[in-house]
Amino acid sequence: MEEHAPPETRAWVIHPEIKNDQDRREPAPALDEAVALAAALPGLTVAGSEIVRLPRVHPGALFGSGKIEELGARMKAEEVDLVLVDGPVTPVQQRNLEKEWKVKLLDRTGLILEIFSDRARTREGVLQVEMAALSYQRTRLVRAWTHLERQRGGLGFVGGPGETQIEADRRAIDEQLVRLRRQLDKVARTRTLHREARAKVPFPIVALVGYTNAGKSTLFNRLTGAEVMAKDMLFATLDPTMRRIEIAGGQTIILSDTVGFISDLPTELVAAFRATLEEVLDADLILHVRDISHPQSAEQAAEVETILAGLGVAEDTPKIEVWNKIDRIPAQDREAALTTAGRKEEIHAISAWTGEGVEELTRAVAERLRPPTTRETLHLAHAEGRARAWLHEEGVIEAERPTEAGTEIDVRWTARQKERFARL
């Protein structure tokens, strides 16, 4: 019997631009990002998108009656199944708009939760998504939208025909949240043990952070040869991935790829995903990867810095800013970017896709991670040949002078090398 692929859900994306909203973002890039979010979800086809300007928010239905009618006609003509509103929508507004438009509606939080559910790979990631989803569902009716669930096991916010509406019992949700927290505690304890074991390994941790879709996973793959999902879509990576690699000068590091940041990330998700950024808190060096070809690159970078500060990442953790995707910018802008980056030690312009500038970046990483050294003069007797040989092996000798008693040696070494020499 021939299997039929589940029907696509046709979605319409709306970015409401509210006149007096102090926190409003630039509407055109915000709409582009919302469309990219929708495109990141399997089973969705974006049938259309638009910016809707509002003088004020209507408490019962978000939009005014005239605008609701106008949008409804457009969606009917386009045979839309799902409306995605790039912003918060209250349960009352959601219910009223769904009733008026005869379609399903999802706000920004619900959409991001769906994407997180689709992307989470580790046990911890899955549990965190479930907890965030339950917190979100507490105030809403839970929907089981069947055809997408069969396709990809989503959270049940997005769907189509055959929908059933289930009244969510808050007590049941609360009990489930308690169970999930217990399971998460167990997973977190296991992670702590792994981190403690890793702390005994004398390799520094380098964490890749950045706005979602900045190219972190592509850079991670280039440096490690790993096959982490690196697609041109938002939130392609959700769980931290770690690899031990050797970089310039033979130095070994642990490289960590992390979840991408995004503006206006719902608060319940910031809390839920804090643990997936634990590696950043422990990092010896942070590589802040920026998509320098993006028109909002500066704003995205500011958002990342704000989230890092909110996570409590120490200001004294060294950072290198990586201007990625220079292959995508026009030639004259590219020259300017390379010149600016070349003047600053803490900025490196690269293309993770083509490999341009990556080798120079790894050399800079090695240099930043190199422990501080001190110069000393040692006096070795003729009989201390073994100690002299060890100093040569370590490559710490700067000059040697024979003396009557043996050899006078100028060394430049790290505190660890000095300690090991003392034990010889």
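Within the stretch 86-123, the residues that satisfy the criterion of being of a type outside the set (Lys, Arg), at pLDDT 85 or above and not in a helix (DSSP H, G or I) are 86, 87, 88, 89, 90, 103, 105, 106, 107.
Among the conditions (1) free of Cβ contacts under 8 Å to residues at least 24 places away in the same chain; (2) within 29 Å of residue 284 (Cβ to Cβ); (3) surrounded by fewer than 13 Cβ atoms within 10 Å (Cβ to Cβ), residue 417 misses just one, which is (3). Restricted to the stretch 380-418, and to residues there that are more than 48 Å from the chain's Cα centre (by Cα) and among the acidic types (Asp, Glu), the residue that is farthest from residue 249 (Cα to Cα) is 404. The sole residue among 189, 244, 274 that is modelled with pLDDT under 65, surrounded by fewer than 17 Cβ atoms within 10 Å (Cβ to Cβ) and not assigned by TED's automatic domain parsing to the domain that holds residue 36 is 274.
Out of everything in the stretch 39-59 that is surrounded by 13 or more Cβ atoms within 10 Å (Cβ to Cβ) and more than 31 Å from the chain's Cα centre (by Cα), what residue ends up being farthest from residue 16 (Cα to Cα)? Among those that are surrounded by 13 or more Cβ atoms within 10 Å (Cβ to Cβ) and more than 31 Å from the chain's Cα centre (by Cα), it is 58. Picking from residues in the stretch 1-18 that are modelled with pLDDT of 85 or more and over 19 Å from residue 79 (Cα atoms), the one that is surrounded by the fewest Cβ atoms within 10 Å (Cβ to Cβ) is 18.
Only one entry of 37, 41, 71, 31 meets the criterion of being at pLDDT below 90, in a helix (DSSP H, G or I) and among the hydrophobic types (A, V, I, L, M, F, W, C), and that entry is 37.
Okay, residues lined up against (1) in the same structural domain as residue 217 (by TED's automatic domain parsing); (2) among the aromatic types (Phe, Trp, Tyr); (3) free of Cβ contacts under 8 Å to residues at least 12 places away in the same chain:
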site: 345; (1), (2), (3): yes, no, no
site: 358; (1), (2), (3): yes, no, no
site: 363; (1), (2), (3): yes, no, no
site: 378; (1), (2), (3): no, no, no
site: 388; (1), (2), (3): no, no, no
site: 396; (1), (2), (3): no, no, no
site: 400; (1), (2), (3): no, no, yes
site: 407; (1), (2), (3): no, no, no
site: 410; (1), (2), (3): no, no, no
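Taken over the stretch 368-380, the criterion of being modelled with pLDDT of 90 or more and of a type in the set (A, V, I, L, M) is satisfied by 378, 380.
Kindly provide the set of residues from the stretch 213-231 that are charged (D, E, K, R) and either at pLDDT 85 or above or more than 24 Å from residue 296 (Cβ to Cβ) (or both), ordered by number. It would help to see each step written out before you state the result.
Here is the first cut: in the stretch 213-231, the residues charged (D, E, K, R) are 216, 222, 227, 231.
Across the stretch 213-231, the qualifying residues are 216, 222, 227.
Just to be sure before I move on: is residue 27 in the same structural domain as residue 102 (by TED's automatic domain parsing), more than 19 Å from residue 105 (Cβ to Cβ) and either among the basic types (Lys, Arg) or exposed (fewer than 14 other Cβ atoms within 10 Å of the Cβ) (or both) in the structure I sent? Here the answer is no, as residue 27 does not meet what is asked.
The values are calculated or read from the model by the stated rules, or taken from the named source; none is laboratory data. Remember, predicted model here, so these are calculated numbers, not experimental data. Using ideal geometry, Cβ is built from the backbone for each residue, glycine included, and neighbour counts are taken over all protein chains shown.
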